[in-house]
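K.L.:
To start, I am sharing the structure in question, which I have written as structure tokens.
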Amino acid sequence: MLGLGYGIASPFIFRSVWTPASQFYPTGTGLLILPNRRETLFQDAAGTIPAMSPGDPVGLARDLSGGGNHASQATALSKPRLGRHPASGLRNRANGAQAVDTVAWGSGGVSNGLTYTKVGTGTEGGVPYVDIRMTGTATASQHAVGWSSANSRIPMTSGFAVASVTARVIAGAPPTGATQNGIRLQVFELDAAFAILTTGASNSITSSVDTTITLSRGAMAVGVAYTSAFLILEGGATEVIDVTYRIKGLQFEIGSTPTALQHNLSPYDITEAVYADVWYLSMDGVDDHMQTQSVIWGTDESTVIMAMAPAQTSTQYCPFRFAPTGSPGSGFVKSASGIMSATVGSTVAAYAPAPTPVNGTAEVYAFTSKIQTPALNLRRNGALVATSYASQGAGIYADGVMSVGSWNGPFLMSGRIYGLMAINRNLTPTEIIRAEQYMARLAGVTLT
């Protein structure tokens with residue numbers, strides 16, 4: 001008779017595998033949304049049309065906790081969008097810069113006697129390029145916009161933004177009669193209504209050899225709220241011009257020095273060589289939000305762990321809330337004074353200064369709360385940042401819908417949600433750390 005021993009030295013040692021979903025077993029209630037699990041996302045609230053590609057609307061995000069508390073949105077304009085960016089972070093804000101076959105790059109036009117035509121596209125060294133031909137006799141010294149970032153404005157009241165591009169002449173000769181000839185960059189400072197306050201221009205590219213130009217500009221003008229970039233093709237008055245440029249590697253980003261190129265095909269589709277993609281739900285701050293069915297919470301405890309990148313700088317918003325208004329409830333809210341807080345009823349645990357949401361920095365937040373023996377802890381990127389022991393009343397959390405991206409309707413969030421876990425018990429310190437580590441991987445965040 002053959003005996004099988006499973007002692008200490010045996011290779012057959014079985015250990016449970018930690019997953020976010022396992023924290024809800026056997027009796028946990030709540031919500032688990034993971035956008036990287038794209039098979040759980042659908043374009044329609046009924047869950048019949050998969051949402052798999054960047055830019056797809058998301059009308060249903062299935063609850064992975066096992067409780068069936070799926071988050072949905074039936075109104076088309078209120079659906080978040082599915083997006084991705086590299087685990088290295090989202091840097092290239094030149095939306096559509098590498099989508100050379102789309103309308104992000106002008107397909108042609110006539111201005112002051114010159115005709116601008118997109119005559120070719122392709123890839124060199126893994127980088128998409130566009131060929132633009134400029135022909136005719138210029139009737140005035142003027143320029144045409146080869147690409148603009150009208151939909152790529154960066155919110156900025158201080159600091160620097162930098163644009164960069166590589167180009168060369170592949171046919172004909174560049175113009176010589178204008179002060180600025182050939183291809184150049186411009187970076188504008190804009191006010192809150194997008195009116196131009198001031199601008200700066202780079203040197204021009206006139207060489208037949210790949211040449212990279214950059215233009216960095218600080219937010220200096222009074223009333224500046226945004227920066228924006230343009231790629232300009234310019235010719236001089238009375239010149240007879242016939243020149244074709246090959247343009248590639250356009251990038252517009254925060255900072256004063258260009259970084260490695262990220263391929264920006266759309267606001268929701270940004271990739272970078274050697275880095276894995278991270279996936280998220282994009283909330284527009286106007287009407288995007290999702291809600292679950294009414295949930296029986298059943299306890300006086302909660303743990304919420306969330307990876308997100310808010311885009312607001314001063315407005316109130318709420319990435320997540322559970323329990324109806326007017327009853328003991330819990331959620332994240334950022335006040336107009338720049339304080340991130342976790343709330344339970346009227347009790348607030350807050351910390352200052354605020355995180356850095358101006359440029360959409362991804363972070364991991366976690367809080368635990370308990371009503372009857374008051375305790376509320378708020379954590380940011382793996383570190384405890386605030387605690388409250390103030391009275392939270394009595395009883396348990398009321399039943400109600402859970403809201404993603406709003407406070408049951410108002411206080412809409414603008415930004416990205418990479419993962420959300422909410423459960424009706426206090427996770428142990430070890431469980432919280434594991435959940436934070438999991439969410440950090442989803443968003444490309446380094447915990448402290």
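The values are calculated or read from the model by the stated rules, or taken from the named source; none is laboratory data. As the structure is a computational prediction, the values presented were derived from the model and not from experiment. In this analysis, Cβ positions are derived from the backbone assuming ideal geometry, glycine residues included, and neighbour counts consider all displayed protein chains.
K.L.:
Inside the range 255-272, can you point out the residues that are of a type in the set (V, I, T) and surrounded by fewer than 21 Cβ atoms within 10 Å (Cβ to Cβ)? Quick ask: steps written out before the conclusion?
P.N.:
Narrowing the range 255-272 to residues of a type in the set (V, I, T): 257, 259, 270-271.
T257, T259, T271, listed by residue number.
K.L.:
Anything in the range 164-186 that is under 19 Å from S256 (Cβ atoms) and free of Cβ contacts under 8 Å to residues at least 60 places away in the same chain? List them, or say none. Working first, answer last.
P.N.:
So in the range 164-186, the residues under 19 Å from S256 (Cβ atoms) come out as 164-166, 184-186.
Once the filter is applied, which keeps residues that are under 19 Å from S256 (Cβ atoms) and free of Cβ contacts under 8 Å to residues at least 60 places away in the same chain, the range 164-186 yields R184, L185, Q186.
K.L.:
Within the range 199-226, track down each residue that is assigned to a strand (DSSP E or B) and over 28 Å from A140 (Cα atoms). Talk me through it step by step, then tell me what you get.
P.N.:
Residues of the range 199-226 that are assigned to a strand (DSSP E or B), as a first pass: 199-201, 205, 211-218, 226.
Within the range 199-226, S216, R217, G218, Y226 qualify.
K.L.:
Taking the stated definitions as given, is G285 touching a residue at least 60 places away in the same chain (Cβ under 8 Å) and closer than 22 Å to G415 by Cβ?
P.N.:
Working: touching a residue at least 60 places away in the same chain (Cβ under 8 Å): yes; closer than 22 Å to G415 by Cβ: yes.
Yes; evaluated as a whole, the condition is true for this residue.
K.L.:
Okay, moving on. Scan the range 241-256 and tell me whether some residue there is at pLDDT below 85 and farther than 30 Å from V274 by Cβ. Give the derivation first.
P.N.:
First pass over the range 241-256, keeping only residues at pLDDT below 85: none.
No - not one qualifying residue is present in the range 241-256.
K.L.:
OK, next. Assuming P80 fulfils every condition listed in (1) surrounded by 18 or more Cβ atoms within 10 Å (Cβ to Cβ); (2) out of contact with any Lys or Arg (no Cβ under 8 Å at 6 or more places or on another chain); (3) modelled with pLDDT under 90 apart from one, which condition is it?
P.N.:
Here P80 meets the rest and fails (3).
K.L.:
Restricting attention to the range 277-323, which residues are acidic (D, E), modelled with pLDDT of 90 or more and not in a loop (DSSP other than H, G, I, E, B)?
P.N.:
Within the range 277-323, D277, D284 qualify.
K.L.:
Kindly establish whether R416 is in the same structural domain as S65 (by TED's automatic domain parsing) and under 19 Å from the mean Cα position of the chain (by Cα).
P.N.:
Numbers: in the same structural domain as S65 (by TED's automatic domain parsing): yes; under 19 Å from the mean Cα position of the chain (by Cα): yes.
Against the criterion (in the same structural domain as S65 (by TED's automatic domain parsing) and under 19 Å from the mean Cα position of the chain (by Cα)), R416 qualifies.
K.L.:
Does the range 37-51 contain any residue that is crowded, with 19+ Cβ neighbours inside 10 Å, in a helix (DSSP H, G or I) and among the β-branched types (V, I, T)? If you could, list the steps in order and put the result at the bottom.
P.N.:
Initial filter on the range 37-51 (crowded, with 19+ Cβ neighbours inside 10 Å): 40-43, 51.
Retained after the next criterion (residues that are in a helix (DSSP H, G or I)): 40.
Now drop any that are not among the β-branched types (V, I, T), which leaves 40.
Yes.
K.L.:
In addition: Taking strands (runs of 3 or more DSSP E) that fall entirely within the range 121-198, which contain at least 2 residues that are at pLDDT 90 or above? Reasoning before the result, please.
P.N.:
Details: elements: 127-137, 142-148, 160-173, 182-190.
Because the criterion is at least 2 residues that are at pLDDT 90 or above, the strands (runs of 3 or more DSSP E) in the range 121-198 that meet it are 127-137, 160-173.
K.L.:
So which residues in the range 419-448 are within 20 Å of the chain's Cα centre (by Cα) and of a type in the set (G, A, S), if there are any at all? Steps first, please.
P.N.:
Residues of the range 419-448 that are within 20 Å of the chain's Cα centre (by Cα), as a first pass: 419-421, 436-447.
Listed by number, the residues that qualify are G419, A440, A443, G444.
K.L.:
Oh, and also: Go over the candidates I241, I247, I254 one by one and state the one that is under 20 Å from T123 (Cα atoms), hydrophobic (A, V, I, L, M, F, W, C), in contact (Cβ under 8 Å) with a residue 60 or more places away in the chain and in the same structural domain as T199 (by TED's automatic domain parsing).
P.N.:
Details: I241 fails: under 20 Å from T123 (Cα atoms); I254 fails: under 20 Å from T123 (Cα atoms).
Selected residue: I247, the only one of I241, I247, I254 that is under 20 Å from T123 (Cα atoms), hydrophobic (A, V, I, L, M, F, W, C), in contact (Cβ under 8 Å) with a residue 60 or more places away in the chain and in the same structural domain as T199 (by TED's automatic domain parsing).
K.L.:
If you don't mind, there's one more thing I want to ask. List pairs: first in the range 22-50 and in contact (Cβ under 8 Å) with a residue 40 or more places away in the chain and among the aliphatic types (A, V, I, L, M), second in a helix (DSSP H, G or I) and surrounded by fewer than 18 Cβ atoms within 10 Å (Cβ to Cβ), Cβ under 9 Å, 6+ apart or cross-chain?
P.N.:
Close Cβ pairs (under 9 Å, with a partner that is in a helix (DSSP H, G or I) and surrounded by fewer than 18 Cβ atoms within 10 Å (Cβ to Cβ)) amount to L32/A21.
K.L.:
Right, next: Cβ-Cβ under 6 Å, sequence separation 6+ or interchain: first residue in the range 76-87 and in contact (Cβ under 8 Å) with a residue 40 or more places away in the chain and hydrophobic (A, V, I, L, M, F, W, C), partner in a loop (DSSP other than H, G, I, E, B) and surrounded by 24 or more Cβ atoms within 10 Å (Cβ to Cβ). Which pairs?
P.N.:
Here the result reads L82/A51; L82/V58, each pair linking the range 76-87 to a residue that is in a loop (DSSP other than H, G, I, E, B) and surrounded by 24 or more Cβ atoms within 10 Å (Cβ to Cβ).
K.L.:
Could you tell me how many of the residues in the range 83-100 are assigned to a loop (DSSP other than H, G, I, E, B) and either in contact with a Lys or Arg (Cβ under 7 Å, 6 or more places away or on another chain) or not charged (D, E, K, R) (or both)?
P.N.:
Keep residues of the range 83-100 that are assigned to a loop (DSSP other than H, G, I, E, B), which gives 87-100.
With either in contact with a Lys or Arg (Cβ under 7 Å, 6 or more places away or on another chain) or not charged (D, E, K, R) (or both) added as a condition, the list becomes 87-90, 92, 94-100.
Number of matching residues: 12.
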